[in-house]
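Down below is the structure, laid out as structure tokens.
The values are calculated or read from the model by the stated rules, or taken from the named source; none is laboratory data. Keep in mind that what you see is a predicted model, and the values were worked out from it rather than measured. Virtual Cβ from ideal backbone geometry, glycine too; neighbours counted across all protein chains shown. Side chains are part of the model used for accessible areas, which takes the heavy atoms of the whole protein and leaves out ligands, DNA and RNA. Shrake-Rupley method; radii C 1.70, N 1.55, O 1.52, S 1.80 Å.
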Amino acid sequence: MGFPKDMVVKGIKEIGHNDVNALLELLLTYKALGDEGALGDCSTSGCACPNVQDDDDDDLDSDNWDNDNDTGGREHNSDSSGDEDFLKEMSAKDEKINLLVDMGFSEDEANMAMTTCGVDADLCVLVDSISASRVAGDCHSRNLFDDQVMDRCFDSFGEREKARLMEERKKKRKRYGGGSHGNRSSLDGSDDEQMHLPNPMVGFNLPGYRRPSVMRMLPQQAIGPPFFYYENVARTPRGVWETISRFLYDIEPEFVDSMHLSAAARKRGYIHNLPIENRSPLLPLPPKTIFEAFPHYKKWWPSWDPRRQLNCLQTTVASAKTTERIQCLLARSSNPPPPSVQKYVIDECRKWNLVWVGKNKVAPLEPNEVEYLLGFPRDHTRGVGKTERYKSLGNSFHVDTVAYHLSVLRDMFPNGVSVLSLFTGIGGGEVALHRLGIHMRAVVSVEIGEANRRILRGWWDQTQTGTLIEVADVKSLTPDIIASYVGRFGGFDLVIGGSPCNNLAGSNRHHRDGLEGEQSSLFYHYFRILDVVKSAMARM
Ligand code: SAH
């Protein structure tokens, strides 16, 4: 019996080639899935059994999913292979070399750094590598890099503003001896080191988990007002969190996987200047397992599916083809199905967060179930298209986690807070404050997505009495506009936001161009705006 080459490659990609028997069994499964002749009469279950090879959606591609499930919901890309991959790699390499040359490094230096760090290395890492090989201890290149990025980000705000921020950066570098001091314990070490993500990922503390004796001393210039809270996906290309931390006053990120607080994983990093003592969770605590959250799924859950928690809730869901394929395969398998079928089905279920809704029948979670798992009120996103709902929910905060961190504000601001909410999305931060019982006197919300703005406005009008001001684009917030909001609301108590991670997360390395990516570089606007708010408030 022969198997098509593509099928063999896919099988090897999935389980490797060490266990020949397992590989053979998997290939037979694929063959059964794809070969209608071998499927027998499926018509009783009404399924058409799509052919694996002819699949025109890319959701069977296991590269489309991070096995570690920690890329978060914000981006979901498929990968390609073979020649195309090679060509993309070469053009990515050229692009980076050009960027480095533009920054003032020689082509030789750029090439050497690519050889040392790899084509995938983040630009910041490449710069650091060149810097290290130029003069030990000289941080000229890293500073040059920051300045280049700042240049790009602040170009539209005039020379005076840029000069002021550059000066600030210089002072900060001096204070921190080049940027790797402060209390960034977990990020310290050689620049070549992979970033260490803590395990368990419970941050400084979580209900039921406490890291022994966490004491943090914030650098002086990090201390508010205002309080600020920044969020992004935990797993990023190398150097990204170091850069974010360097810009946000050298504060150590707090990495939390929301699986320790709820039934679904969500690995995120948070940088903030809030106190970390005396936090309190939203009550009741959210369900921690699938069955606690949705007891009715127990009925059809097969004993061979060991999942008790869901993976990160993504921005996209499985197609009908995927669920049909699974139903078909199970309908013609023994009960329990052979190990290779079990593995295939469980992998797909993990990849797409599928739940058992009938005999042999799996389905994606409904948007209202995702809302529930993320801590939003039922129907929060209702009224926009289903695809849009999944996307916005996949990008959102995990409300209970964020609320736990923000809970310290409740006693500090009994009369309510004024909030500058950047990249508001569907208002995870606002919902967290509301659920904590913290009144929002005013929120200036900056969100580019029209559907998201509509969702927030709908919720606000139903639940809030304060002032909501909507702005579309962070780039439109000039220092004068920011200063006018600061004047109007007597300053902001909280600047909150998680900038897009489109160029940070995902398994497709060609899309992971790091913090300099088109979307992800919006982070620098978070820093820019926060900095302007701080200065304006200092003048009050
Ligand atoms: N924390 C949010 C989600 C953040 S995801 C929540 O709880 O829902 C990042 C958000 O940034 C997305 O909603 C995206 O639409 C928005 N965004 C992207 N570019 C933007 C820009 N230039 N100005 C303002 N918002 C932007």
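Relative protection proxy for 483-491, 514-522, from highest mean packing down: 514-522, 483-491 (other beta-carbon atoms within 10 angstrom).
Highest-first packing order for the peptide set 465-477, 340-352 is 340-352, 465-477, based on the mean count of other beta carbon atoms within 10 Å.
In terms of its C-alpha gyration tensor, the range 290-374 has a prolate overall shape, because the principal axis ratio a/c (a ≥ b ≥ c, square roots of the eigenvalues) is not below 1.5 and a/b outweighs b/c.
With 0.36 nm allotted per residue and the present C-alpha distance subtracted, the GLU95-ILE223 stretch has 42.2 nm of extension available. Our coupling estimate for the range 452-467, obtained by passing each phi through the Karplus curve with A = 6.51, B = -1.76, C = 1.60 and θ = phi - 60°, is 5, 4, 5, 4, 5, 4, x, 5, 4, 4, 7, 10, 10, 10, x, 8 Hz, Gly and Pro reported as x. Residues of the range 297-325 with the amide nitrogen closer than 20 Å to a label point 7 Å from the Cα of LYS359, along Cα-to-Cβ, please. Hits in the range 297-325 for LYS359 at 20 Å: 297-305, 323-325. When peptides 112-118, 226-232 are sorted by average Cβ neighbour count within 10 Å, with the highest value leading, the order is 226-232, 112-118. When a 1.4 Å probe is rolled over the protein heavy atoms, the share of accessible surface on the range 384-540 that falls to carbon and sulfur comes to 47 percent. Taking the Cα centre of the range 290-374 as origin and assigning +1 to Lys and Arg Cβ atoms and -1 to Asp and Glu Cβ atoms, the resulting dipole is close to 360 debye. Overall, the accessible surface of the range 290-374 at a probe of 1.4 angstrom is composed of carbon and sulfur to the extent of 54 percent.
Which shape class, rounded, prolate or oblate, goes with the range 419-506 when its Cα gyration tensor gives a ≥ b ≥ c as root eigenvalues, a/c under 1.5 marks rounded, and past that a/b bigger than b/c marks prolate? Because a/c hits 1.5 or more and a/b fails to exceed b/c, the range 419-506 counts as oblate. With protein chains left intact and a 1.4 Å probe, residues in the range 201-313 average 37 Å² of accessible area per residue.
Remark: for residue pairs LYS93/LYS475; LYS299/LYS343; LYS267/LYS299; LYS10/LYS298; LYS298/LYS386; LYS288/LYS359, the C-alpha separation exceeds 23 Å in LYS93/LYS475; LYS267/LYS299; LYS10/LYS298; LYS298/LYS386; LYS288/LYS359. Backbone amide hydrogens, once placed in the peptide plane, bring ASN503 within less than 5 Å of GLN519, SER520, excluding anything fewer than 5 places away on its chain.
Considering only GLY269, ILE251, PHE294, and ranking their Cα positions along the charge dipole of the range 207-296 that arises from unit charges at the beta-carbon of Lys, Arg, Asp and Glu, the one farthest toward the positive end is PHE294.
Averaged over its residues, the range 370-469 has an accessible area of 37 Å² per residue, based on protein heavy atoms and a 1.4 Å probe.
Distance between the modelled labels on GLU518 and GLN464, one decimal in nanometres: 3.0 nm (7 Å Cα→Cβ projection).
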